[in-house]
Every structure is written in C-alpha cells, then in structure tokens.
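Sharing a structure with you now.
The values are calculated or read from the model by the stated rules, or taken from the named source; none is laboratory data. None of the values given here were measured: they were computed from a predicted structure. Note that each Cβ is placed from the backbone with ideal geometry, even for glycine, and that neighbours are counted across all protein chains shown.
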Amino acid sequence: MELGMIRRIIMATGNSGKLREISDLFADMPCQLISMRDWRKPLPSIEENGSTFFENACIKADWVFRESSEWSLADDSGLMVDALGGGPGVTSARFAGEQGNAEANNAKLLKALEGVAQRLRTARFACSVVLRIDEATLLHADGYCEGRIIERPRGSGGFGYDPLFVPDGFNRTFAELTGEEKHRISHRGKALKALKEQIYDYFA
C-alpha cells in the first residue's frame with residue numbers, strides 16, 4: 001500500500017457504543033472504519049457460540065472477512081464478577097436473556113449481588129480484539145480493567161454495565177468518566193492500543 005492511502009476496515013459490530021469508542025481510538029490511523037450497519041443491510045446476525053472472548057471475536061471477524069474480502073475488525077468483551085464465579089463473562093450482552101438489553105442486564109446483575117458486601121464485589125472488564133487482514137494473518141490483543149460493582153447505577157455516559165462499574169483508582173463509574181479518561185484505562189482502550197502497535201507495519 002502506498003503511504004498516504006486510506007485503508008478501509010469493516011468493524012464487525014452494530015453496537016453504537018463500541019463504534020464510537022473504536023472510532024475515537026483509531027482517529028489517528030490512516031484508515032476508514034465502516035460499521036456493519038453501513039456495509040450490509042439488514043444488519044447480519046452472527047452467532048457468537050465461542051467459549052472465550054477471543055473465540056467470539058474471531059467468529060465475527062472471520063465471518064465479515066469471508067463475506068467482504070476486506071480487513072475486518074472485531075472485539076468481544078464482557079464483565080467478570082468474582083462473586084459470580086467470573087460471570088456473566090461471554091454471556092454479558094445477553095445476561096438477562098435479550099441481546100443488548102443493558103437495563104435488564106444491569107437489573108439482573110444487581111439482583112444477583114444483593115447482600116454481597118462491597119469488599120466482595122470485585123470485578124473486571126475483559127476485551128479481546130482481533131483484526132483479520134487476510135486468510136493467513138490475524139492480529140490479536142487483550143485488555144483488562146479491574147474495579148468493583150456498586151449497588152445502584154450512576155452516570156449517563158458509556159453503555160452496557162458502565163453505570164455500575166467503578167474502576168480501581170477512581171470513585172466514579174465508567175458512565176461518569178469523560179471519553180478520554182475511559183479510553184486511557186478501559187479494557188477496550190488497552191486492547192485496541194496494543195493492536196494498533198501491531199497494525200502500523202501493515203500500512204507500509
């Protein structure tokens with residue numbers, strides 16, 4: 001690829017919160033990020049039946065690559081609560097039964113943690129992100145953010161479980177942090193920054 005050329009990358013997600021975060025983090029890259037909503041209508045449903053975040057990210061990226069023959073970026077992430085044995089984990093987005101229903105997921109999480117002391121409400125967000133470049137090349141990075149689950153939601157920013165998660169070193173939830181603050185410490189921010197370091201070689 002000639003220097004200065006813009007590489008198109010299809011993001012294997014229809015989640016508007018993820019799209020916003022990833023676009024912000026890739027703003028300095030010589031690429032054009034295309035969402036699945038803009039690339040394929042109606043929005044395709046990809047079955048995420050992996051047992052790990054990495055497997056689910058690969059399933060999505062590989063599906064998009066097979067259909068488009070273009071670079072495809074995918075992530076899978078979730079919340080792991082120690083008092084729930086690491087759950088909801090890979091089922092985070094559908095914890096309450098309906099895919100992506102954040103309000104129901106948060107309500108179920110709070111119900112599951114009723115009576116659990118604050119010191120035992122430790123948790124972490126985990127993210128696995130992959131970029132499928134061609135059939136033989138898959139770039140991969142992971143990121144984690146440690147914190148705790150509070151007893152009631154706070155904040156209007158972010159998405160998913162953000163209003164319930166206070167990262168270590170802060171007294172505000174993810175939903176109360178600025179975008180810049182969250183990008184610096186979040187699981188997705190850490191994973192994408194690590195992935196970006198690998199990608200530069202492929203823009204040469």
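What helices (runs of 4 or more DSSP H) completely inside the range 1-86 contain at least 1 residues that are within 20 Å of the chain's Cα centre (by Cα), in contact (Cβ under 8 Å) with a residue 60 or more places away in the chain and surrounded by 18 or more Cβ atoms within 10 Å (Cβ to Cβ)?
16-25, 53-68
What residue, of E197, E146, E98, is of a type outside the set (V, I, T), surrounded by fewer than 16 Cβ atoms within 10 Å (Cβ to Cβ) and either touching a helix residue (DSSP H, G or I) at 6+ places or on another chain (Cβ under 9 Å) or under 18 Å from G17 (Cα atoms) (or both)?
E98
Which members of the range 158-186 meet the condition of being part of a loop (DSSP other than H, G, I, E, B), out of contact with any strand residue (DSSP E or B) (no Cβ under 6 Å at 6 or more places or on another chain) and either surrounded by 17 or more Cβ atoms within 10 Å (Cβ to Cβ) or of a type in the set (A, V, I, L, M, F, W, C) (or both)?
Result: G158, F159, G160, F170, L177.
Looking at (1) at pLDDT 95 or above; (2) under 30 Å from R7 (Cβ atoms), which is the only condition T173 fails?
Only one criterion is unmet by T173, namely (2).
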